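S.K.: Please find one structure pasted underneath; my questions will follow.
The values are calculated or read from the model by the stated rules, or taken from the named source; none is laboratory data. As the structure is a prediction and not an experimental result, all values here were calculated from the model. A quick note on method: Cβ atoms are made from the backbone with ideal geometry, for glycine too, and the neighbour counts reach across all protein chains shown. SASA here: full protein model, heavy atoms, side chains in, ligands and nucleic acids out. Shrake-Rupley method; radii C 1.70, N 1.55, O 1.52, S 1.80 Å.
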Amino acid sequence: MGNEGTEALKYVWKGAIPLQIHLHDSEVATLPPPPPVLLLAPRIGYLPLLASQIKPLFSNSLPPGEDTIWFEYKGLPLKWYIPTGVLFDLLCAEPERPWNLTVHFRGYPSNTLTPCEGEDAVKWSFINSLKEAAYIINGNCKNVMNMSQSDQLDLWRSVLNGNLESFLKVTLKLKLGAIEDDYTAKLYPSLKSSSDTGNTDNPGLATTGRIPVRLYVRIFTEMFDDLEKAPEIDSWEKISYINRPVGLNKDEGKCFTLTDAMKTLLPEYFGEGTLNGEKTIEEEVQDVHPEVAGDPKITEEVTASVSERTEAKQPSESAEIKLIRIQGIKPKPEIPFSWVVNNLMNPDHYLHICVYLIHH
């Protein structure tokens, strides 16, 4: 990837979601109640990072007690370590603008959410995700582990400030480059792939051909024509969270598409065979770099989803993908997966994909 990034990547970094945030009624200790806060939340950011903008506007209305910020949407506590844009794409079948959220400063739901102790917790969650991605891409995460303090600080500040140029300067040293993309220019001449923008000395993803993917799947058992009629989510147990690398299939003369990637990620629904007994990426990292795999949210979230999807299941002939949403867009199924990876990846170097799946 070049030092400036592709046009698509620039749009990703500039992307924001309009929020209307209400203080929960149970935490309003004044009359009249405070008005809702309107603000733009970066897609690549995280909800707890909005605390400095929100808290001063609600602090005079709060009852006595210790402040611990958390958010909910229609009664569902929102997981703080999932990027804001991913939460929006996952929970709003039909985009809601502004997105109406409720903020709390009391009664943290520790039975549902892992603890979040401010910006530092978000930062280290991000760094851990970056370490995992580096391991998937390069077979090790030495470059991330050996980052200088100044580079680590510059990297985090670039994410906080949405500074793509600064981010790319630091990540260039981590050798997490673009993957080879021979098909985009042929199929979509108007699209430029980041693998064509320079930095040919950076091996990055081209070395292993493994793509870090986080897949969030909402499974419905009944058909619906209009996304507005999609059932609401009232529990995280109704969402499958899959954290698994995708190996690029480089069959000569065949373009590996987004559809091909989905079949690889969801073999139990699309009959692409087993996952060949591969370990989950968490197990691989634990074997080689146990210090990387100690994040409690990974243990909590991924273990359950991995065990669920690796059960022996017969491929379903009645599964249908109703919606795929990445960075707020609905890409065409036939688009080269290499273009999706090079242009729509989050700063943690994971490709976050939200899927609505109809399974009869």
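S.K.: Is the stretch 37-47 home to any residue that is touching a helix residue (DSSP H, G or I) at 6+ places or on another chain (Cβ under 7 Å), open to solvent by less than 60 Å² (accessible area, probe 1.4 Å) and over 30 Å from Asn343 (Cα atoms)?
M.R.: yes
S.K.: Please state which of the following conditions Pro32 fails to meet, knowing it meets all the rest: (1) open to solvent by 80 Å² or more (accessible area, probe 1.4 Å); (2) under 25 Å from Ser125 (Cβ atoms).
M.R.: Going through the list (1) open to solvent by 80 Å² or more (accessible area, probe 1.4 Å); (2) under 25 Å from Ser125 (Cβ atoms), Pro32 breaks only (2).
S.K.: Can I ask one more? Could you pull out the residue among Lys263, Lys250 that is touching a Gly at 6+ places or on another chain (Cβ under 9 Å), open to solvent by 20 Å² or more (accessible area, probe 1.4 Å) and at pLDDT 85 or above?
M.R.: After ruling out the rest, the residue left standing is Lys263.
S.K.: Being under 17 Å from Cys92 (Cβ atoms) and of a type outside the set (S, T, N, Q) is the filter here, so list the residues in the stretch 1-37 that pass it.
M.R.: Gly15, Ala16, Ile17, Pro18, Leu19, Ile21, His22
Condition check ((1) closer than 12 Å to Asp348 by Cβ; (2) not in a helix (DSSP H, G or I)) across all residues:
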{"site": "Pro109", "(1), (2)": "no, yes"}
{"site": "Thr114", "(1), (2)": "no, yes"}
{"site": "Ala121", "(1), (2)": "no, no"}
{"site": "Ser129", "(1), (2)": "yes, no"}
{"site": "Tyr135", "(1), (2)": "no, no"}
{"site": "Leu153", "(1), (2)": "no, no"}
{"site": "Ser158", "(1), (2)": "no, no"}
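S.K.: Oh, and also: Looking at the stretch 198-219, which of the residues that are modelled with pLDDT of 90 or more and touching a Lys or Arg at 6+ places or on another chain (Cβ under 8 Å) is most open to solvent (accessible area, probe 1.4 Å)?
M.R.: Among them, the one singled out is Ile219.
S.K.: Quick check, is Ala51 assigned to a helix (DSSP H, G or I) and either crowded, with 21+ Cβ neighbours inside 10 Å or touching a residue at least 12 places away in the same chain (Cβ under 8 Å) (or both)?
M.R.: yes
S.K.: For the stretch 234-246, which positions are open to solvent by 20 Å² or more (accessible area, probe 1.4 Å) and part of a loop (DSSP other than H, G, I, E, B)?
M.R.: Across the stretch 234-246, the qualifying residues are Asp234, Ser235.
S.K.: Given the structure, is Pro231 at pLDDT 85 or above, in a loop (DSSP other than H, G, I, E, B) and open to solvent by 20 Å² or more (accessible area, probe 1.4 Å)?
M.R.: yes
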